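The structure appears below as structure tokens.
The values are calculated or read from the model by the stated rules, or taken from the named source; none is laboratory data. Quick caveat: nothing in here was measured; it's all calculated off a predicted structure. For neighbour counting, all protein chains shown are included, and Cβ atoms are generated from backbone atoms with ideal geometry for every residue, glycine included.
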Amino acid sequence: MSASQRPYLLLQPSISTTKVVTTTTTTTTYAPIPLPSLPPPLSPKDSKLYPLLNAPLPQSLRHFPLEFPNGTRATFRDGETGEDEVEDEVVGGSGWQMVRRDDSSDNTPVVNLSEAVERFGKKRSLNVDNLMEGVEVTGGPNSSVPPPRKKARGTILPQISTMNAAAPPSPLPSPHGSPPPETIWPSAPPSGASSPSPQAQAPLQPDLALTTLLALPNLVSHFANLPPQLQSHFLLTLLRHSPLPVLRTLYSVLTPTLARDFITLLPAELVSHILSFLPFSTLARASCVSKSWRAIIDSDAVLWRDLLKGTKIWFGGDSEDAFSNSIYTRRRRELLLNPRPLNALPLPHPYKILFKSRHLTRTRWVNNPEPKHVSFPAHGSSVVTCLIFSHGRIISASDDHSIKVYSPSTGEELLQLKGHEGGVWALAASKDTLVSGSTDRTVRIWDLNTGKCTHIFGGHTSTVRCLAIVKPELVDVEDENGVVRKEMWPKRPLIVTGSRDHSLRVWTLPREGEPEYRSYNPDDHDNDPSEDTDENPYHRLHLEGHEHAVRALAARGRTLVSGSYDCTVRIWDIITGHAKWVLVGHSQKVYSVVLDLPRNQACSGSMDGTVRVWDLQKGECRHTLSGHTSLVGLLGLSPSHLVSAAADSTLRIWDPDSGELRHTLAAHTGAITCFQHDEFKVLSGSDGNLKMWNVRDGTVVRDLLTGITGVWQVVFEGRWCVAASNRQDTTVLDVWDFGTEEDEDWVGEPPNGVYDDGDFSDEEEEYDEGAEKIRRLVELRRAEEEDEQEQADVDAMDQDLVPSETESLEIIEVDGSQDDEGPIGDIAKRKGITRQRPTRQLPDVDIDLDDDTRGPADSDTDAMSTEGAGSSRWASTASATSRGASPSIPQSKTTSRSSRTVGVAGPSRRAAALAGASSLPPMNDESPTRPRIRPANNRRQR
């Protein structure tokens, strides 16, 4: 189409049919309507209205090769491209050059945008159906060309389809007529004799908008045939000439269409590598984008491990693995109670929880200027000897013989555990079980849910000064061939106690549901309490060797370390009881010990002012840490720091690997009475104040307490810190909460790095004498329950027994004792009833009937008569025979085992009851601190 030619719009004749009686058809024809020519495009100049006006085009869209439909090749070059900008980088070397596929030796012609589009359009107009059918080229607006009878192939464009939405509808005359439209351009005169009026006006007048609208279908079809590079260049040219509202509309359409979630599409390794470049604050926000992003980020163990290492809060791997195992165990237990739905998000990896915990510990304790603070009195004016924080409970013990449990959030007293008859100087907790040691020489086990004392262990002959709960964990064990492998030791939790009687004892920690056990009466000083351990099914080992009081102990796996006033440190095998090493080096009493299993070493602090590091493999002293000038009474160990506190008012931070002194904390004015530390901070108490230190640089962070008389104890875990202090002769507990409302899922790490969330099954337990004793005790308790139920039925029958006058009656005697003897006979006598039975033979039952006549004076005799292995009711042989004492001993004393609640399973108690045997236990009430009493002398001959 040349510039001098103008397009014309050919309208189809409109047909109007009116049916009355006859049919009249009127055909109106119109002359072609000349369309105005498109004005030259306007060039926008305001970059504010056209943001992409000056946007540069990519080099690949400014210069690229083209191949037209007829096979001709050319090079497209944008009009704005300079000659210097289109020179491509030449890749080659000496004697060679890389030639592109589309390069040729002949110089190809260069075309611009308009020429390239026109050349693509020529070929297309002859082969493709056009939507512009009906548009005819004319010479000018005044020329009148009648419609040809046949289509001229080279002179007409294809017809416009009447089904196209862009084409105007066929003009139909209105039955009532319509006013003639306003004339813009004069229409050509109508042609044909059938026209009703020689000067009929066309129903549609052309304008610029119509011309553009009619050209749009042709433009779209034409655009689809362009090569991709030319399409891109053309679209970018349009966008550069588009105002801001148009660009916004395009953006709203293109953004969701082109958006791709690369995090979910890429392989996990690449995603982890990409996310590793983000700081943790960005990762926290990214995990809130979608559920899929949260699942990917939270479950990436490598990502959070590298983040822990990158922020320098990764401490070797042992503490991290222990934390992970604890989280997994807790989740398994929760899944058994509350199964998760199938569509629930995966739980975060423990490393993420650990990162959050350590990050909060590092920042909140320093950056929280006003943590929540609760203060309340406790234990009157008595000294707080022990203080622990376990599973959201504050547990304190005092020399007033009591143990109390408080809520950390409110300070409310939840439980008061009474039963010890001396000061409580040792505490340890595991889940809902508390173990305490006292000056009354007993070890007691408490249920923290109910406050009940479930077990009393006797055996020590002096104050129980220290104790620990040893939980199963994987440790390195070397076999006879020198092969080291990982094994779980101990098989179930144990209790280790140290006493001033120069010895240590190992006990089995009772499980929930196992039989209760109460030992001797601690008020009875005439008996040796160590004899009780022979019949205690929970007692395992008695470790002897120290020549003075055992002051401190530490135990993990199979290894036990004890420090004594005899100036020695001993290493024991907690399973066999074998003393592996006796470590001699301190010149004065040993007051503190810690065990460092990952490094295979132990540390001890002494009154001689030194700290010694011992090699557990060789039994030698690795390092002697000097610097303190007085008693080193406290030691603490974390993965990267060994901290010692002394009476010289200083604390010292050492490198546990090399023994090098890192920092000296000197700001207190009196002896250090308590401290605890982790990898970020040290809390220490002395006369008058409680201080927080930065463990990495040794500086004082803040004073938590000032102006007080003294600090007895301090503990912390996670967000909580608890201190016991003395103020004006009153003992006070202070509780700080360093967390915020957003830190509800802050999981703290225990101070010793040992968790009590493990699951310990019976299948893992080794078969030994202690386990066998516990099994027998369980069976015994079951037999006792059955016998007690049977005895209750017999008592009910005896109460209702009335003899018949026709029956032959006689009094039955067993071993010379009448049936009226004993509790049942006493009841009958009080009611005036003579208990007689029908004549019949009862089986012979060999029973001691003198037990009820024996009193407390039997204690020494009974203890002597039951010596030996065969006297134990837990002995595996059946040869143990009751050594009955003389019934003439007065009833002035109770036996040493009169308070033990272990019963005896023997012959049928029904026969004994019918025979009037007085083997029933006394009917006294049982309470959490007062066990039910059974006569220990009441044993059956076998």
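The rows are residues; the columns are (1) of a type outside the set (Lys, Arg); (2) within 33 Å of the chain's Cα centre (by Cα); (3) surrounded by fewer than 20 Cβ atoms within 10 Å (Cβ to Cβ); (4) under 20 Å from residue 752 (Cβ atoms).
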| site | (1), (2), (3), (4) |
| --- | --- |
| 421 | yes, no, yes, no |
| 450 | yes, yes, yes, no |
| 455 | yes, no, no, no |
| 460 | yes, no, no, no |
Inset, instruction - Quick one: which residue in 267, 227, 243, 206 is at pLDDT 85 or above, in contact with a strand residue (DSSP E or B) (Cβ under 8 Å, 6 or more places away or on another chain) and either within 30 Å of residue 77 (Cα to Cα) or not hydroxyl-bearing (Ser, Thr, Tyr) (or both)? - result: 227
Inset, instruction - Can you give me the number of residues within segment 604-645 that are farther than 30 Å from residue 476 by Cα, crowded, with 23+ Cβ neighbours inside 10 Å and small (Gly, Ala, Ser)? - result: 1
Inset, instruction - Output the strands (runs of 3 or more DSSP E) that fall wholly within segment 355-427 and possess 1 or more residues being within 18 Å of residue 437 (Cα to Cα) and touching a residue at least 12 places away in the same chain (Cβ under 8 Å), or say none. - result: 384-390, 393-398, 403-406, 413-417
Legend entry - Within segment 699-722, tally of residues that are of a type in the set (A, V, I, L, M) and without any contact (Cβ under 8 Å) to a residue 40 or more places away in the chain: 5
Inset, instruction - Could you identify the single residue in 575, 571 that is modelled with pLDDT of 95 or more, out of contact with any helix residue (DSSP H, G or I) (no Cβ under 9 Å at 6 or more places or on another chain) and not small (Gly, Ala, Ser)? - result: 571
Inset, instruction - Filter segment 462-473 down to residues that are outside any loop (DSSP other than H, G, I, E, B) and within 29 Å of the chain's Cα centre (by Cα) and give me whichever is surrounded by the most Cβ atoms within 10 Å (Cβ to Cβ). - result: 470
Legend entry - Residue list for segment 336-353, restricted to those being part of a helix (DSSP H, G or I), under 13 Å from the mean Cα position of the chain (by Cα) and without any contact (Cβ under 8 Å) to a residue 60 or more places away in the chain: 350, 351, 352
Inset, instruction - Working only within segment 299-321, note down all residues that are out of contact with any Ser or Thr (no Cβ under 6 Å at 6 or more places or on another chain), closer than 20 Å to residue 265 by Cα and part of a helix (DSSP H, G or I). - result: 301
Legend entry - Selected residue (only one of 275, 238, 254, 244 is among the aliphatic types (A, V, I, L, M), touching a helix residue (DSSP H, G or I) at 6+ places or on another chain (Cβ under 6 Å) and surrounded by 10 or more Cβ atoms within 10 Å (Cβ to Cβ)): 275
Inset, instruction - Could you check, for segment 577-590, whether at least one of its residues is under 19 Å from residue 550 (Cβ atoms), under 35 Å from the mean Cα position of the chain (by Cα) and either of a type in the set (A, V, I, L, M, F, W, C) or not assigned by TED's automatic domain parsing to the domain that holds residue 318 (or both)? - result: no
Inset, instruction - Give me the pairs, please: first residue somewhere in segment 8-29 and without any contact (Cβ under 8 Å) to a residue 60 or more places away in the chain, second residue anywhere and outside any strand (DSSP E or B) and among the hydrophobic types (A, V, I, L, M, F, W, C), beta-carbon distance under 9 Å, and either six or more positions apart or on two chains. - result: 15/172
Inset, instruction - Please specify each residue of segment 474-491 satisfying the condition of being of a type outside the set (Val, Ile, Thr) and either within 19 Å of residue 427 (Cα to Cα) or surrounded by fewer than 19 Cβ atoms within 10 Å (Cβ to Cβ) (or both). - result: 474, 476, 478, 479, 480, 481, 482, 485, 486, 487, 488
Legend entry - Residue identified as β-branched (Val, Ile, Thr) and under 30 Å from residue 557 (Cα atoms) among 732, 754, 711: 754
Legend entry - Check on residue 732, in contact with a strand residue (DSSP E or B) (Cβ under 9 Å, 6 or more places away or on another chain), assigned to a strand (DSSP E or B) and within 17 Å of residue 364 (Cα to Cα): no
Inset, instruction - Report the residue count in segment 727-775 for those that are over 37 Å from the mean Cα position of the chain (by Cα), surrounded by 15 or more Cβ atoms within 10 Å (Cβ to Cβ) and at pLDDT 70 or above. - result: 1
Inset, instruction - May I ask you to say which residue of 246, 302 is of a type outside the set (D, E, K, R), on the phi < 0 side of the Ramachandran plot, touching a residue at least 12 places away in the same chain (Cβ under 8 Å) and out of contact with any Leu (no Cβ under 6 Å at 6 or more places or on another chain)? - result: 302
Legend entry - Unique residue being at negative phi and in contact with a Cys (Cβ under 8 Å, 6 or more places away or on another chain) when the list is 634, 651, 661: 634
Inset, instruction - Take segment 699-739 and flag every residue that is within 27 Å of residue 322 (Cβ to Cβ) and not aliphatic (A, V, I, L, M). - result: 713, 716, 717, 718, 719, 720, 721, 736, 737, 738, 739
Inset, instruction - Scan segment 687-700 and give yes if some residue there is on the phi > 0 side of the Ramachandran plot and in contact with a Lys or Arg (Cβ under 8 Å, 6 or more places away or on another chain), otherwise no. - result: yes
